[in-house]
Each structure stands twice: as structure tokens, then as C-alpha cells.
Amino acid sequence: MRSSLMPTAPAASLCAFLAAVLLLTSCTTPAPSPLSPETSVITRWQGDKIGAVSLTFDDGIITQFTVARPILDSLGLLATFYIITGKVEGSERGKFIGRDPELIIAETARTPTDSTNFFERASLIAFTGTTEAITYHSDAGARYEAGQIAKAHRLIDEAYAKLRAGTLRNTDDVVFHDNPVDTTTWDDYRAYQTAGHEIASHTVTHPRLAVLDAPNLRYELEQSRADIAKFLGEPATFSAEGPYGTEDERVMEFAHRVYPALRNRMPAPYLAELNRGSRVAPGSVRQEYVQWQRGPTDNTSLQAMKDWVDTTLAHDNIWLVEVLHGVDDYGWAARPAAELREYFAYIKEREDRLWIAPFATVTKYIRERENSRVEERRSEDEITVHVRCTLDPAVYNVPLTLRTVVPEGWTSVQVKRSNDADAGSPLQVVRDGEGPDYVRYAVMPGERVILVGR
């Protein structure tokens, strides 16, 4: 459902990339539903919910943590925060990687910007140290991704003309996107992570990745990952978001080598991706999963946001990925705390039907389900169930929800696990009148359990 507006990789390279991703996420056909006799299936969503919601925040804006996070915590909701690592004390800073900047600037007086030098120049201008220079970099990137290549080149020429004339100062400072002040520390982030929130990469400086040359693209993605791994641990490097929601094919091809999951794009045959600008009705899409990204802008009403939740509940295959930025008049498209409290409460009130979890958690569950098969063996009073998963258990470690049909005579069911001496509390036998009796329970990918009935 998504497409980059301006391809930047050769068709053969893109096809190879997509083939590799499809191979990585190749799936077995999910077992049928409703349940048939002597059947165990992995439910589409954890907890056998109707749909899923992931609340994600971009840019690491301080009020996300001082205002929005306490609201989430008070409601028992977990979110994903995509942070700009270069502004966190102790991290590697943003910098230009490449030739002598003075040499590049001098060349702009002799040679107009074209396809041979555009990426290098667009990279350097972002690190000359003023908000105006950042704006030129960002605007040129937006034009480039919209297919307006000549306009992108002219913007870069205009920026360097000002730089040479001294009307655009070269300070060598690093100016961070829409977030000039932040006191959040890695200790803070570790505490939020320990509480269950996902802290993930939004690059080092928030550039327009589509117009960076290869060395600077690599640095922004790899260095951000390295600092997150250093301060938060390797598990925190699972997902990332390229700034501005880029879907540039060259960027996606490289970024998928660095991160297992990207909110930008995750091509898979079972997953339809509707980005924030998409007008496709998610209910009209028939894939097994529909990742439906919505993000409020300054003109989005609270009722419209609630409608997104209601639409998710009206179907059974929608994963609503909410993209939030500013909070309390700080940051882009800022939402007031009172509105966020009401909206988050609206979602919480529907938690009996919605699975609310961070982006990485939902991604892992979906991939685990699509790459697993369930084997079972039955006797008169026991059912042995084994979930075989082809994915790395060190990474894909989110519990799956299973539904298993049980004989009519069973009134109590206990789960025996190989690592538990005690079978635990009995499971509730579900009798809904629409099919055979069944039980729900959690199983780790690769785990074998025994259901004991009475």
C-alpha cells in the first residue's frame, strides 16, 4: 500500500532487497478460525483481542516524558518513544562525514548542484550550524522525495550561495530538529524502559535521510543504534523510525540491514501498510494484518482521533499505529495534556477488546505467528501442544496466545510447562455457543505444554 515517490536504487537492487525481506518473513498459513474439533490455533492478536494499538512518539521531545509519559503510566499504558540520540549526554554527536567542507563549499561556486554532487552537498549543509541551513536541508529533501529534483538542486545552490556570501553563517554547531532543549538522560531512558516503554532510534540528528550520501546515511543509522545498544542494551535496537516518515527505497534498503523493524516500511505478504497520508479505508484491505498509521496534525480533532480507535474495533485485522509528536505547545503538532489524557483514557476503556502494546512487541508477535506452526497430540485426559517457530528465540520472545479446543466433558484445564513444577491456576473453559469449547493460554515460541483436563 506504500510506495516511495522517488526511487533512488536500481530496480534490480530493490527487487533483491524485497525478495530478501520476504524470505526473512516468509510465513506458514495461519490455522483456520473458527476452531474446528481437535484444533489449536495462534490468535491473530495477543489476548485474542479484536485489534491492536501502538502509541508511538517521535523526536524525543522532553514534554513527551515529563507530561505524556506520566499520563500513560497512570493508566497502565505502554508506548514507544523514538529518540534523537545525538542530543543525549554521553552519546556520539552529529557530524559531517566526508571531504573537507571548505573544499566542498568552494566547489559550489564553480559547479552547479546536480545528481553527481547533490547528496554530498545536501549532507554538508545540514551541519553548517544554523536553523536556516537545517531548513534548506529539510526543504531540499522534501522536494527530492516528491520527485521535484530540479527544485531540490536549486535550493541547495541557493543555500551555498548564501553560505559563501556570509548571509548564512557557518558555525559548525549541530542544530536539532524542533527540539532545542532537552535534559533527558540515559538514566531516565533506562528507567522508562524498565517500566515497560520502548525506547528506540530516530537517528543521531533527525536529518532527511533520503538526501544523505552513503557515509552520512550510515553514520546516522549505525551510530544511533550503537549508542542505544551501549546505554539500553541490544534488545532496544529492534525497531527504528527514519525521520519524516521517509519511504525512500535507497534508505529503506540500507536501514533494514541495521534494524529488524522499521515503522516506515516493513514489506511482508501478510502485512498491508497504510501510511499517515493514505486515504485508503483500512476495512477495505483484506490482508491478514493492516498496519494503519494515523498522526494528529494541528487541525485534527479529538473526535477524529477517537474515530480511529472505533474503526480499529470495527474490524479484526487492524493495527492502529498512532504517531504523536509535540506535547503541551512544545514540538510539532503539539497536543495539550488534557486532550491526551482523555484520548488515552478512551483507548484504555476499550482494553478488553484492544491489545495496547509498543511497536516492537506487536511486530514480534505478528512475525512469530506468521513463522510458527502448532503441533498437538491428544489422549483421553491430556493434550500436548508444541509451537514450532523458525525465528531466533533470543529476539522473538513475545508470548503467543493459543486457543485449543477441549473435549466437551472437560470442566477444568491446567497447563503443565516443562520449566514449572506447579501447573498453576486452572484455565477458564470458554463456552460461547458458536463452536466447540476451548481454552486460551500463553505459550512462548518453541515451547511445548501439556493441557490436563478434568
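The values are calculated or read from the model by the stated rules, or taken from the named source; none is laboratory data. All values reported here derive from a predicted model rather than from experimental measurement. Note: ideal-geometry Cβ built from the backbone for every residue, glycine included; neighbour counts use all protein chains shown. The accessibility values were calculated without ligands, DNA or RNA, using every heavy atom of the protein model including side chains. Shrake-Rupley method; radii C 1.70, N 1.55, O 1.52, S 1.80 Å.
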Provide the FRET efficiency to the nearest 0.05 for the E92-R431 pair, computing r from the beta carbons and using R0 = 51 Å.
0.30
Going by the alpha-carbon gyration tensor, a ≥ b ≥ c the square roots of its eigenvalues, is the chain rounded (a/c under 1.5) or, if a/c is not under 1.5, prolate (a/b greater than b/c) versus oblate?
prolate
Show the residues, 5+ positions off or on another chain, whose built amide H is closer than 5 Å to the amide H of Y438.
V406, V430
Name the residues whose placed amide hydrogens come within less than 5 Å of the amide hydrogen of W355, ignoring near sequence neighbours (fewer than 5 apart) on the same chain.
I50, G51, A52, V53
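Report the net charge of residues surrounding D298, where surrounding means a beta-carbon distance below 13 angstrom and charges are Lys +1, Arg +1, Asp -1, Glu -1.
Working: positive: R335; negative: D329, E339.
Neighbour charge sum, excluding D298 itself: -1.
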Count of Lys pairs (Cα-Cα under 24 Å; at least 8 positions apart or interchain) in the chain:
11
Using θ = phi - 60° and the Karplus form 6.51 cos²θ - 1.76 cosθ + 1.60, what ³J(HN,Hα) does each residue of region 52-58 get, whole Hz, x for Gly and Pro?
10, 9, 10, 8, 10, 10, 9
Lys and Arg at +1, Asp and Glu at -1: neighbours of T411 with Cβ under 11 Å from its Cβ sum to 0
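Would you mind getting the accessible area per residue of region 301-402, heavy atoms of the protein chains only, 1.4 Å probe, in Å²?
Values: 4100 Å² over 102 residues.
Here the per-residue accessible area is 40 Å².
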Whole-Hz ³J(HN,Hα) for each residue in region 388-396, computed from phi via Karplus 6.51 cos²θ - 1.76 cosθ + 1.60 with θ = phi - 60°, x for glycine and proline: what do you get?
9, 10, 8, 8, 5, x, 6, 9, 9
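Using the heavy atoms of the protein chains and a 1.4 angstrom probe, tell me the accessible area per residue for region 86-242 in square angstrom. Present the calculation step by step, with values, prior to reporting the outcome.
Details: 6630 Å² over 157 residues.
On a per-residue basis, 42 Å².
With charges set only on the Cβ (+1 for Lys and Arg, -1 for Asp and Glu), what does the dipole of region 318-454 come to about its Cα centre, in debye to the nearest 20? Let's see the in-between values first.
Working: 19 positive and 23 negative charges, 69 e Å.
In debye, rounded to 20, region 318-454 gives about 340.
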Mean separation of Cα pairs under 8 Å and 6+ residues apart, divided by the residue count of the chain: what relative contact order is that in percent?
23 percent
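For a Förster distance of 45 Å, can you work out the FRET efficiency between the beta-carbons of E107 and R279, rounded to the nearest 0.05? Write out the running numbers ahead of the final one.
Working: r = 43 Å, r/R0 = 0.96.
Efficiency for this residue pair is about 0.55.
Could you calculate the FRET efficiency of D352 with R417 from 1/(1 + (r/R0)^6), where r is the beta carbon distance between them and R0 is 35 Å, rounded to 0.05? Don't jump to the answer; show the numbers that get you there.
Values: r = 26 Å, r/R0 = 0.75.
Working from the Cβ atoms, E equals 0.85.
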According to the square roots a ≥ b ≥ c of the eigenvalues of the Cα gyration tensor, what is the shape class of region 288-374, taking rounded for a/c under 1.5, prolate for a/b larger than b/c otherwise, and oblate for the remainder?
prolate
Give a residue-ordered list of calculated ³J(HN,Hα) values for region 446-454 (Karplus: 6.51 cos²θ - 1.76 cosθ + 1.60, θ = phi - 60°; whole Hz; x for Gly, Pro).
x, 7, 10, 10, 10, 8, 10, x, 9
Provide the net charge surrounding E234, with neighbours chosen by a C-beta distance below 13 Å and charges set as Lys +1, Arg +1, Asp -1, Glu -1.
0
Accessible carbon and sulfur surface of the chain relative to its total accessible area, %, 1.4 Å:
51 percent
